[in-house]
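The values are calculated or read from the model by the stated rules, or taken from the named source; none is laboratory data. This structure is a prediction, so every number in the text was calculated from the model and none was measured. Cβ placement follows ideal geometry from the backbone for every residue including glycine, while neighbour counts extend to all protein chains displayed. Just so you know, the surface numbers come from the protein's heavy atoms only, side chains and all, with ligands and any DNA or RNA stripped out. Shrake-Rupley method; radii C 1.70, N 1.55, O 1.52, S 1.80 Å.
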Amino acid sequence: FFDFTPIGAIVLLLSIPYMLFARRWLPAKSVGDASAVVRPSLRDWIDDYDLAGRSYRLRVRPNSPFVGRALDELDLRDTHGVNVLAVERSDGTGAELFEPSSRLELQAGDVLLVDLVRPGVDVGELQQKGALDGMALTDAYFVDRSQDMGIAEAMVAIDSPLVGRSVRQARIRSEHHLTVLGLRRGQTALRHGHLDEKLRVGDTLLL
């Protein structure tokens, strides 16, 4: 280490006065307005994809018919028009977030984070049939759990195999373990039916 220290010390001593002298030619600020390029926040995505009012948290009671049954067996998307985004399960010290895999069996006390994928869905009916308790859900919940969930925005490219296929046909969840939260075409967000809409080049997906 000390073999090259003398050379490094000389370079350091020469570079300090050089930078003090040369900085006068550096621009006072970068070209363009750097503040104009800002990473979108989760709150921006909630607005852009019209997600507000679509999601619910439902706790599984001990007497629920869902206890001990796997998600693929329940098939809540086709039977009740809701898509399970995640499953919260408490271990005594905190809540762990589980991916909604088809083989995941529900337990009493599990909290389902669900998204309405069909217009006119009666959440109250689902709560009654499934013995589920509604829980508070605000935009802040998504912000707080965004790191655990991992949320990203992606655009359908011109050579994408998704073009002309719907999210359901492409089996995005089963093939890639990704859940499509929203679909936006241009500046218009599809509030419902985004899982069955044929995808086009330039569509953006919130995953």
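Within segment 74-121, the set of residues being of a type in the set (Val, Ile, Thr), in contact (Cβ under 8 Å) with a residue 40 or more places away in the chain and within 18 Å of ALA131 (Cα to Cα) comprises VAL82, VAL111, VAL114, VAL121. Restricting the first member to segment 163-175 and to residues that are closer than 10 Å to LEU195 by Cβ, and the second to residues that are open to solvent by less than 60 Å² (accessible area, probe 1.4 Å) and not in a loop (DSSP other than H, G, I, E, B), the beta-carbon pairs closer than 9 Å and six or more apart or on different chains are VAL167/LEU183; VAL167/LEU205; ILE172/LEU205; ARG173/ASN83; ARG173/VAL167. For segment 155-185, a tally of residues being more than 15 Å from the chain's Cα centre (by Cα) and assigned to a loop (DSSP other than H, G, I, E, B) returns 12.
Pick out, from segment 85-142, the strands (runs of 3 or more DSSP E) lying fully within it that include 2 or more residues that are surrounded by fewer than 16 Cβ atoms within 10 Å (Cβ to Cβ).
Filter on segment 85-142 gives 95-98, 132-135.
Could you tell me whether any residue of segment 112-130 is small (Gly, Ala, Ser) and modelled with pLDDT under 90? Give the derivation first.
Narrowing segment 112-130 to residues small (Gly, Ala, Ser): 120, 124, 130.
Okay, now just the ones that are also modelled with pLDDT under 90, so 120, 124.
There is at least one residue in segment 112-130 that is small (Gly, Ala, Ser) and modelled with pLDDT under 90.
Here's a check for you: in segment 176-185, which residue that is touching a residue at least 60 places away in the same chain (Cβ under 8 Å) and open to solvent by less than 70 Å² (accessible area, probe 1.4 Å) is farthest from LEU207 (Cα to Cα)?
As a first pass, look at segment 176-185 and keep what is touching a residue at least 60 places away in the same chain (Cβ under 8 Å): 177, 179, 181-184.
Among the residues that remain, those that are also open to solvent by less than 70 Å² (accessible area, probe 1.4 Å) are: 179, 181-184.
Values: THR179: 6, LEU181: 6, GLY182: 7, LEU183: 9, ARG184: 12 Å.
Among residues in segment 176-185 that are touching a residue at least 60 places away in the same chain (Cβ under 8 Å) and open to solvent by less than 70 Å² (accessible area, probe 1.4 Å), the one farthest from LEU207 (Cα to Cα) is ARG184.
Whether any residue in segment 161-171 is within 24 Å of LEU58 (Cβ to Cβ), at pLDDT 85 or above and not basic (Lys, Arg) is what I want to check. Yes, that holds for at least one residue.
Please go through segment 72-84 and pick out each residue that is open to solvent by 20 Å² or more (accessible area, probe 1.4 Å) and either in a helix (DSSP H, G or I) or of a type in the set (Val, Ile, Thr) (or both). Quick ask: steps written out before the conclusion?
As a first pass, look at segment 72-84 and keep what is open to solvent by 20 Å² or more (accessible area, probe 1.4 Å): 72-73, 75, 77-80.
Within segment 72-84, ASP72, GLU73, ARG77, ASP78, THR79, HIS80 meet the criteria.
Close contacts from segment 61-73, counting a first residue that is farther than 8 Å from ALA108 by Cα and without any contact (Cβ under 8 Å) to a residue 40 or more places away in the chain and a second that is open to solvent by less than 40 Å² (accessible area, probe 1.4 Å) and assigned to a loop (DSSP other than H, G, I, E, B), with Cβ to Cβ under 8 Å and a gap of 6+ residues or different chains, come to GLY68/LEU106; ARG69/LEU106; ALA70/LEU104; ALA70/LEU106; LEU71/PRO100; LEU71/LEU104; LEU71/LEU106.
Among the residues making up segment 186-207, those that are surrounded by 15 or more Cβ atoms within 10 Å (Cβ to Cβ) and not in a loop (DSSP other than H, G, I, E, B) are ALA189, LEU190, THR204, LEU205, LEU206.
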